[in-house]
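What follows is one structure encoded as structure tokens, with my remarks underneath.
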Amino acid sequence: MAFSIESIRRRFTRAVITIVSIVLGIAFLSALLTISRIVIALSGPAAGAQALPSYQLWMAVIALLVCAVGIVNSMLMSVTERYKEIGTIKTLGAEDFHILELFLIEGGIMGVIGGVIGGIIGWGVAFAIYAFQAQSPLVSSIVTQAALGSVDLIGYSILLSVILSLLSSMVPAYMASKLNPVEALRYEV
Amino acid sequence: MSSVLRYEYTVETEDLAKNYVMGPITVKALDGVSVKIRRGEYLSIMGPSGSGKTTFFNMIGGLDRPTRGKVYIDEVDIAKLDAYELAWLRARKIGYIFQTFNLIPVLTALENVSLPMIFAGVGRDERLQRAKDLLERVGLGERLDHKPAELSGGQQQRVAIARALANNPVIVLADEPTGNLDLHTGLDIITLLKNLNSEKGVTIITATHDLKMIDVSDRIFWIRDGKLERIETRKEVSVRPVER
């Protein structure tokens, strides 16, 4: 655990870039969902069906895919960079499971950070857009109520972010855990 | 653990061979090596680069599978172990020391030494206590919280030695432990290894070109082109002019 945290701190810039990409994807999704809740609140349940057009949902899905690819890329780099380290700890008696755990924790931490920041930003942006546009106190109060009622979406965003990060870290982590220690030790960066 | 002499031979190999296939060429890195290494021995494997020393190490350390032949560690045929049992063996029975130290750069000296104990499932408090004791034993009691980059080469190798001893292994494999150190520091490391060998009764096997190592070794294996050329005791070496 401490190992993963230290690893992130050492490669801080790259961790930040990865986290930013998660933040963007998750913020986009969180904003879209919050907006749809506010629109439903403003126009009544009848209009609910059109509140979130499918093309918008597709855009969110693509944004999430892009950020998943970013995580895979970053984790693969992290694995390649640490071939020798992985070889060393395997030599010292680490099981495949330990190495898997190491990289999944690293991915998971980035997922949590990205999800929290992204979820809050997305929710905040959606709220701000409608709050500023509100012409009357009535509209304004409906918007506020709908937005506050959508805080749960932040929770879902964090959950999604963590799941996404873990899934994306799975392949690089698996590759790392299956490295042959002899070859990994011989590898020079 | 010093008085329990359950197995006479800690390491035994029988006709050990390893071939590397590189395209059309087959390289015989190791070609029929049979040795018996006694518990508590201090052993040096000498030979030019590319003679098969490291390959030999990888075999007895359970890192690589031989093409032919057998390796026994404490009378267990390691070819019969699965990946999980091999990891178990590496964590508890074998300690490694590398030429390039191979400490984990993001961890402190103390954390580096406790790492193998995590893999062996030792509890946190005991882990830290043992790591502290070991670092004090190698003379780094003042440097527990330093990262490898803040330590000199000799100090890093001391941390690596403490790490190798973390789980009270029966064998310590040291691959060119003095190869990256100057003469004086190298001598310190050799003395430390010898002292640990006599104190703890741990079998130490070093692969080396370092002739200083001969003075502390009980026996010397000379390896050339993947074959065991001859085995000598310290006395036999010192009466004969050393060839290079």
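The values are calculated or read from the model by the stated rules, or taken from the named source; none is laboratory data. Remember, it's a predicted structure, so these values are computed and weren't measured experimentally. Cβ coordinates were reconstructed from backbone atoms using ideal geometry, including for glycine residues, and neighbour counts include every protein chain displayed. Areas reflect the complete protein model, heavy atoms only, side chains present, ligands, DNA and RNA absent. Shrake-Rupley method; radii C 1.70, N 1.55, O 1.52, S 1.80 Å.
Quick look at the numbers
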| item | result |
| --- | --- |
| Qualifying residue in region B:130-149 (condition: touching a strand residue (DSSP E or B) at 6+ places or on another chain (Cβ under 6 Å) and within 30 Å of residue B:71 (Cα to Cα)) | no |
| Those strands (runs of 3 or more DSSP E) lying entirely in region B:136-244 with at least 2 residues closer than 22 Å to residue B:118 by Cβ | B:171-175 |
| All positions within region A:77-100 that are basic (Lys, Arg) and not in a helix (DSSP H, G or I) | A:82 |
| So residue B:67, is it free of Cβ contacts under 8 Å to residues at least 12 places away in the same chain, more than 9 Å from every other protein chain (Cβ to nearest Cβ), of a type in the set (S, T, N, Q) and farther than 30 Å from residue B:148 by Cβ | no |
| Check on residue A:110, assigned to a helix (DSSP H, G or I), open to solvent by 50 Å² or more (accessible area, probe 1.4 Å) and touching a residue at least 40 places away in the same chain (Cβ under 8 Å) | no |
| Filtered residue count, region B:177-195, keeping only those that are touching a Phe, Trp or Tyr at 6+ places or on another chain (Cβ under 8 Å) and either surrounded by fewer than 18 Cβ atoms within 10 Å (Cβ to Cβ) or at positive phi (or both) | 2 |
| Selection from region B:108-138 of residues that are touching a residue at least 24 places away in the same chain (Cβ under 8 Å) and either of a type in the set (Gly, Ala, Ser) or touching a Pro at 6+ places or on another chain (Cβ under 8 Å) (or both) | B:109, B:112, B:114, B:120, B:131 |
| Residue B:59, sole failed condition from (1) out of contact with any Asp or Glu (no Cβ under 7 Å at 6 or more places or on another chain); (2) open to solvent by 10 Å² or more (accessible area, probe 1.4 Å) | (2) |
| Region A:162-178 - residue that is in contact with an Asp or Glu (Cβ under 9 Å, 6 or more places away or on another chain) and surrounded by fewer than 22 Cβ atoms within 10 Å (Cβ to Cβ) and, of those, farthest from residue A:85 (Cα to Cα) | A:174 |
| Every pair of residues 6+ apart whose Cβ atoms lie under 6 Å, when the first sits in region A:73-99 and is more than 9 Å from chain B (Cβ to nearest Cβ) while the second is open to solvent by 50 Å² or more (accessible area, probe 1.4 Å) | A:83/A:187 |
| Residue among A:103, A:132 that is touching a residue at least 24 places away in the same chain (Cβ under 8 Å) and either surrounded by fewer than 14 Cβ atoms within 10 Å (Cβ to Cβ) or part of a helix (DSSP H, G or I) (or both) | A:103 |
| Residue selected from region B:82-130 under the condition open to solvent by 30 Å² or more (accessible area, probe 1.4 Å) and touching a helix residue (DSSP H, G or I) at 6+ places or on another chain (Cβ under 8 Å), by the criterion farthest from the other protein chains (Cβ to nearest Cβ) | B:126 |
| Selected residue (only one of A:7, A:43 is modelled with pLDDT under 85 and within 14 Å of chain B (Cβ to nearest Cβ)) | A:7 |
| Selected residue (only one of B:189, B:220, B:205 is in contact with an Asp or Glu (Cβ under 7 Å, 6 or more places away or on another chain) and of a type outside the set (Asp, Glu)) | B:220 |
| Qualifying positions in region A:135-161 - loosely packed, with under 15 Cβ neighbours inside 10 Å and polar (S, T, N, Q) | A:135, A:136, A:141, A:145 |
